[in-house]
1. Here is a list of conditions, (1) under 25 Å from His103 (Cβ atoms); (2) away from ligand 1 (no atom under 16 Å from the Cβ), and Val186 meets all of them except one; can you say which number that is?
2. Are any of the residues in segment 91-114 within 16 Å of ligand 1 (Cβ to nearest atom), assigned to a strand (DSSP E or B) and not acidic (Asp, Glu)?
3. Mind listing whichever residues of segment 144-173 are surrounded by fewer than 13 Cβ atoms within 10 Å (Cβ to Cβ), charged (D, E, K, R) and in contact with a strand residue (DSSP E or B) (Cβ under 9 Å, 6 or more places away or on another chain)?
4. Pairs, please: C-beta under 8 Å, at least 6 apart or cross-chain, first residue in contact (Cβ under 8 Å) with a residue 24 or more places away in the chain and in segment 63-82, second surrounded by 17 or more Cβ atoms within 10 Å (Cβ to Cβ) and of a type in the set (Lys, Arg)?
5. Condition first: closer than 18 Å to Asp180 by Cβ and in contact with a Lys or Arg (Cβ under 9 Å, 6 or more places away or on another chain). Can you find one or more residues in segment 76-85 that meet it?
6. Counting only residues that are among the β-branched types (Val, Ile, Thr) and part of a strand (DSSP E or B), which one in segment 161-190 is nearest to ligand 2 (Cβ to nearest atom)?
7. Just name the residue that is nearest to Ser63 (Cα to Cα) out of those in segment 97-132 that are buried (at least 20 other Cβ atoms within 10 Å of the Cβ), over 17 Å from the mean Cα position of the chain (by Cα) and not hydroxyl-bearing (Ser, Thr, Tyr).
8. Give the number of residues within segment 160-176 that are more than 28 Å from the chain's Cα centre (by Cα) and either closer than 15 Å to Cys38 by Cβ or modelled with pLDDT of 95 or more (or both).
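The values are calculated or read from the model by the stated rules, or taken from the named source; none is laboratory data. Small disclaimer: the values here were computed from a predicted structure and weren't measured. FYI the Cβ positions are ideal-geometry reconstructions off the backbone, even for glycines, and counts take in every protein chain you see.
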Amino acid sequence: MKLKDIIVTILGACAMLGATFTVASAAPLNSGPGSASCELNSNLFVDTSCTLEAITPHRLWQSNNPDGSDAVWVSYANTGIGGDTLAPTSKGDWVMKITETFHIGPNGGSIQMKVWADDTAGIYLNGNLMAAPQFGQNVCADKPVGCEPDEFYFLDELLSAGTHTIEIYGYQVGTGKTVDSNPFGVLYAGSITGEVPAPPALTLFGLAGLGLLARRRAAAQR
Ligand SMILES: [Ca+2]
Ligand SMILES: [Ca+2]
């Protein structure tokens, strides 16, 4: 085969590769220290700044690392068991808002994520209410979104290409006056799937490799 034919063949192969050269991905989306942006309700706090930290869960809560994930219970302060901060009871108003933002590639994708909260949470996807907070009490909320293992809300949605936002509003409903009798926190564990274009560097690397191969073959035929 002549060098010109080899190059034409390689370019053809590259064009085919380019047409299908996408990489499937599944990115975890788990609660953890500093894992997402958060803010506090200005109705309850003078300083609304917030950084997520890990807290110790109550023995009746869903345990950390649900479904083998890295997810752990988080809060704006040590409002968990043995903690030093009693989250204010909000009675119908949220305490802490967590925001997760992510991007889906041109072929679309999906999200599967479980959410727990003490005492309950409101969950929005792109501004649309997906789960309303529950103010009935029986070990935190009496139904999802609550804190016990079977009281998670399961966010399971197809996603179009572009930027998406999940907002989780945590509520403190219990009337206990100590941190240990009325802890507060949020836990979420899941993943985002979708297809994103291969990094340009990978495509260039592939082209360079094929070019080198063509030169070697051409040299061998001389
Ligand atoms: Ca409950
Ligand atoms: Ca509580």
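1. Among (1) under 25 Å from His103 (Cβ atoms); (2) away from ligand 1 (no atom under 16 Å from the Cβ), the lone unmet condition for Val186 is (2).
2. Among the residues of segment 91-114, at least one is within 16 Å of ligand 1 (Cβ to nearest atom), assigned to a strand (DSSP E or B) and not acidic (Asp, Glu), which makes the answer yes.
3. Hit for segment 144-173 is Asp156, nothing else.
4. The qualifying pairs are Pro66/Lys114; Asp67/Lys114.
5. Checked against the condition, which is being closer than 18 Å to Asp180 by Cβ and in contact with a Lys or Arg (Cβ under 9 Å, 6 or more places away or on another chain), segment 76-85 yields at least one hit.
6. Among those that are among the β-branched types (Val, Ile, Thr) and part of a strand (DSSP E or B), it is Val186.
7. The selected residue is Asp118.
8. Total satisfying the criteria: 0.
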